[in-house]
Amino acid sequence: MRYLSDAVTVTAPASSANLGPGFDALGLALALADRVDARVTASGLEVEVRGAGAPLVPRDEAHLVVRAMRAAFDLMGGQPPGLHVWCVNSIPHGRGLGSSAAAVVAGVLSARALVSDPANRLGDPAVLALAAELEGHPDNAAACLLGGLTVAWWGRCGAEAVRMDVRLNAAVFVPPSSMATSTARNLLPPAVSHAAAARNAGRAALLVAALTAQPLVPATLLAATQDELHQPYRAEAMPGSMALVQRLRDAGVPAMLSGAGPAVLALVVPERPPHSEEVDRWTGRRWGVPEWDVQLLDVDRIGARVEPDAE
């Protein structure tokens, strides 16, 4: 195995999964990204981290970017003699905004870009399959990797996905406290009723149609983002988040938990580039959560990318 002597840079966007009814299938990439710089060294492992989550993440083989790189190198046939990994994080950790998917995708793409022989590199389907396998579900990984709106599923050879363009903004309400995705998943029952599953399937299909239609219709988006499969079961563990979802929906705003929460995502239909009064609408004080961080974000339409010429 031969490796590049220069460093590579990968930018991986945040993502919001589920979008209400599309549990473990729908994902939306958001214009907030982590950056990873990686290079092969003569020996050892050095990990540096700055930004969101920096005080809490490991600086050794347990770091998620490193674990993803190691898994990708194994699939490509060998491990480099040493690695230096420098992470600059902007995506909040433990909030349901795809920070782990961004780390995994950045790690897999970094490893692929560091291999100098194109014949040994993973293909795009293998990158998605590996990222989804490491994540345990394909929704965030697909959105992070491909950008835009994605529908992901488990196929015969691993995760697969399709990507669609959407034209809207997203208001993201981020609470001060976090919750591990594993904790949020443990709140879900082992089975749901056939009727609830059927209603969610219909809304998920409607949501894809509503998000890709022009013009976007807020009332249709509101109906399409209702959920019965996961949000009701997580309400007790994150009452502030679900109360905010209800306040937004009562005001006609299509809102839902972002992924497993506790962040809340509101879909914003832009008439034009947002006016100042539109931006001012999206404040925590306006919606009864003054201590929450609120950002009005574009949809990331490119997905994870390696700095030009690195591949």
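The values are calculated or read from the model by the stated rules, or taken from the named source; none is laboratory data. Small disclaimer: the values here were computed from a predicted structure and weren't measured. Glycine gets a Cβ as well: all are built from the backbone with ideal geometry, and neighbour counts include every protein chain shown.
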Members of segment 214-265 found to be buried (at least 19 other Cβ atoms within 10 Å of the Cβ) and in contact with a Phe, Trp or Tyr (Cβ under 7 Å, 6 or more places away or on another chain), listed by number:
LEU229, HIS230, LEU244, LEU248, ALA263, VAL264
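Take the residues in segment 192-214 that are in a loop (DSSP other than H, G, I, E, B) and without any contact (Cβ under 8 Å) to a residue 12 or more places away in the chain, then tell me which one is nearest to ASP250 (Cα to Cα). Reasoning before the result, please.
Kept after step one, since they are in a loop (DSSP other than H, G, I, E, B), are these residues of segment 192-214: 192-193, 213-214.
The next check asks that each one be without any contact (Cβ under 8 Å) to a residue 12 or more places away in the chain; those that pass are 193, 213.
On the way: SER193: 26, ALA213: 23 Å.
Among those that are in a loop (DSSP other than H, G, I, E, B) and without any contact (Cβ under 8 Å) to a residue 12 or more places away in the chain, it is ALA213.
Has segment 31-47 got any residue that is outside any strand (DSSP E or B) and either free of Cβ contacts under 8 Å to residues at least 24 places away in the same chain or under 28 Å from LEU265 (Cα atoms) (or both)? So that I can check it myself, show each step before the final result.
Residues of segment 31-47 outside any strand (DSSP E or B): 42-43.
The next check asks that each one be either free of Cβ contacts under 8 Å to residues at least 24 places away in the same chain or under 28 Å from LEU265 (Cα atoms) (or both); those that pass are none.
No: segment 31-47 contains no residue that is outside any strand (DSSP E or B) and either free of Cβ contacts under 8 Å to residues at least 24 places away in the same chain or under 28 Å from LEU265 (Cα atoms) (or both).
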Strands (runs of 3 or more DSSP E) fully within segment 77-178 counting 2 or more residues that are among the β-branched types (Val, Ile, Thr) and in contact (Cβ under 8 Å) with a residue 40 or more places away in the chain:
82-89, 149-155, 169-174
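Here is a yes/no grid of residues against (1) modelled with pLDDT of 95 or more; (2) among the aliphatic types (A, V, I, L, M):
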residue: ALA201; (1), (2): yes, yes
residue: ALA204; (1), (2): yes, yes
residue: ALA210; (1), (2): yes, yes
residue: LEU216; (1), (2): no, yes
residue: LEU222; (1), (2): yes, yes
residue: LEU229; (1), (2): no, yes
residue: TYR233; (1), (2): no, no
residue: ALA237; (1), (2): no, yes
Identify, by number, the condition in (1) of a type in the set (Ser, Thr, Tyr); (2) farther than 30 Å from ALA197 by Cβ; (3) under 23 Å from the mean Cα position of the chain (by Cα) that SER100 doesn't meet.
(2)
Can you tell me which residue within segment 176-193, out of those that are at pLDDT 90 or above and within 27 Å of PRO290 (Cα to Cα), is nearest to the chain's Cα centre (by Cα)?
SER178
Considering segment 77-101, residues that are aliphatic (A, V, I, L, M) and touching a helix residue (DSSP H, G or I) at 6+ places or on another chain (Cβ under 8 Å), and then whichever is surrounded by the fewest Cβ atoms within 10 Å (Cβ to Cβ), we arrive at VAL85
Run ARG67 past the list (1) within 18 Å of LEU145 (Cα to Cα); (2) crowded, with 17+ Cβ neighbours inside 10 Å and report the number of the one that doesn't hold.
(2)
